[in-house]
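For reference, the structure discussed in these notes is given below.
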Amino acid sequence: MYGQISTLAFVGVEARPIEVQVRITPGAPAFAIVGLPDKAVAESRERIRNALHGVGLGLPYKHMTVNLAPADLPKEGSHFDLPIALAMMVAMEAIAPAAIANFAAIGELALDGSIRSVPGALPAAIGANIIGKGLICPEAAGPEAAWAGEHIDILAAPHLLSLVNHFKGLQTIPRPKPNIARADGVLPDLADIRGQETAKRVLEIAAAGSHNLLMIGPPGSGKSMLASRLPSILPPLAPEEILGIA
């Protein structure tokens, strides 16, 4: 029995693709994880065992090998819990391989099967998109992952069972929306400026045509006052634009 799914390893701010491969074979019962796992990844065996039990799946009384490829890249963090569990569920035929073929996954599992938030949802979503996949992530990390773009398929699930039900068509997990913080108060308004008609006209033209601006003048001529009021005549930024200038 064999199952696999993509996930990501974080190297600085970069997310590198990792393939989680699970093979279940006859033999002495064992649960081995290979591929340079750190302590958190090695401890995932007990979290995964209990999480699967929490959704009514007991691990088979067989030899289970989990390979995190490429083997020469260190694997750090608890976010490997969810992809390992999903690959095992494919190997156990609890989930169809095609259901997760177009996804990468990150997430830490609790003993009851709930999916806990992990850092790095945004770079994970960007990294998954680079390899042409969507992202399965914890529900709490969904708004962060959604910043990567509306074209990326994001499944933000609260529980392992909700993922199983989603893949079986018993329920639908809605796509999360980016969590956009609203500015407190009112922006300085360009209409408040008295005079400076030529400068205000230039700002209006630049805002309407998305032109660049270069303000030159001595101190006290109104450059900062004008610049602080330019956002009041600009449309709201799309999530992709906010991400691009952040």
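Each value in this text was obtained by applying a stated rule to the coordinates, not by laboratory testing. Here the structure is a predicted model, which means the values were calculated and not measured. Note that each Cβ is placed from the backbone with ideal geometry, even for glycine, and that neighbours are counted across all protein chains shown.
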Members of segment 98-111 that are under 18 Å from I154 (Cα atoms) and surrounded by fewer than 24 Cβ atoms within 10 Å (Cβ to Cβ): A98, A99, A101, N102, F103, E108
Counting only residues that are surrounded by 13 or more Cβ atoms within 10 Å (Cβ to Cβ) and touching a residue at least 60 places away in the same chain (Cβ under 8 Å), give me the helices (runs of 4 or more DSSP H) lying completely in segment 139-246 with at least 1 of them. 160-167, 239-245
Can you tell me which residue is farthest from E43 (Cα to Cα) among those in segment 69-78 that are without any contact (Cβ under 8 Å) to a residue 60 or more places away in the chain and in contact with a strand residue (DSSP E or B) (Cβ under 9 Å, 6 or more places away or on another chain)? P70
